Amino acid sequence: LLLGSGYGESADVLRALTPFILLSGPARLLTTSANYLGGARRRIVVALAALGLNVALDLLLIPGVGVVGAAVGNDVAFALYAFGHLHICRRLTDLSLMPIARSFGRGLLAATAMVGVLLAFGRGQVETALMVAGLVVGTLAFLAALQALREPLLSELSDSVPGFRRRARRA
């Protein structure tokens, strides 16, 4: 929309990179946490395994699929990297993954509700005003689904984190 019609073909690559984009936030937190917890040596093994997997998948997928194949290879390798770091952190802290899995599941259901709303607003070529309306209504559907699923929201977090209200008011 912003860069013009010449960039339409990049949508396939960006769609293929969605898992990488999704994992990049938690991966940064996990890698820093692994370092802080003393797991830097273990990180080397995970990084080398992810690199090797990425190279192997690129060699396998690029000739047949092209640049989208490279994106898929990157996704799979980065998933290994992110989940490898989660495993390191879990082992170093005895972290229970069930609360994280429940929260992830609720977020996935809320995202599904948002996708349903966005699909109702249209697919393919959609006018800008309709896109903006879909964004607003879709976001409200996402938040409503989180509320219905009893996922902790900002108001609940402010009750449980000391000083959060004070900081939120200043911002």
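The values are calculated or read from the model by the stated rules, or taken from the named source; none is laboratory data. Only a predicted model underlies this, so the values are computations on that prediction, with no experimental measurement involved. Using ideal geometry, Cβ is built from the backbone for each residue, glycine included, and neighbour counts are taken over all protein chains shown. We work out accessible area using only protein heavy atoms, side chains counted, and drop any ligands, DNA or RNA first. Shrake-Rupley method; radii C 1.70, N 1.55, O 1.52, S 1.80 Å.
Taking θ as phi - 60°, what are the ³J(HN,Hα) couplings along region 2-7 by the Karplus curve (6.51, -1.76, 1.60), each to the nearest whole Hz, with x for Gly and Pro?
My calculation for region 2-7 gives 7, 9, x, 6, x, 9 Hz in order.
Just subtract the alpha-carbon distance of R102 and Y7 from 0.36 nm times their residue separation and send over the number in nm, one decimal.
30.4 nm
I'd like the projected area of the chain, averaged over all directions, using the convex hull of its alpha carbons. Report it in nm² with one decimal.
13.6
What net charge do the residues around V115 carry, taking every other residue with its C-beta under 14 Å from that of V115, with Lys and Arg at +1 and Asp and Glu at -1?
Taking every other residue near V115 into account, the sum is +2.
Taking the Cα centre of the chain as origin, work out the dipole magnitude from +1 charges on Lys and Arg Cβ and -1 charges on Asp and Glu Cβ, in debye rounded to 20.
The calculated dipole for the chain is roughly 880 debye.
Along the charge dipole of region 1-155, pointing to its positive end and built from +1/-1 on Cβ of Lys, Arg, Asp and Glu, which listed residue (I21, G134, P99) has its Cα farthest out?
Checked the options; the winner is P99.
For the chain, what is the accessible area per residue in Å² when the probe is 1.4 Å? Display every interim value, and only then the final one.
Working: 12090 Å² over 171 residues.
Heavy-atom SASA per residue in the chain reads 71 Å².
Carbon and sulfur: what percent of region 4-157's accessible surface (1.4 Å probe)?
Roughly 70 percent of what the probe reaches on region 4-157 is carbon or sulfur.
Expressed as a whole number of Å, what is the distance separating the alpha-carbon centroids of region 122-136 and region 2-33?
Centre-to-centre distance over Cα atoms comes out at 21 Å.
Quick one: what are the phi-derived ³J(HN,Hα) couplings along region 51-65, Karplus 6.51/-1.76/1.60 with θ = phi - 60°, whole Hz, x for glycine and proline?
Computed from phi, the couplings for region 51-65 are 4, x, 5, 4, 4, 4, 5, 4, 4, 7, 8, 4, x, x, 9 Hz.
How much FRET efficiency would the formula 1/(1 + (r/R0)^6) give for N35 and L119, where r is the Cβ-Cβ distance and R0 is 35 Å, rounded to 0.05? Intermediate values should be presented prior to the final figure.
Working: r = 41 Å, r/R0 = 1.18.
According to the calculation, E is roughly 0.25.
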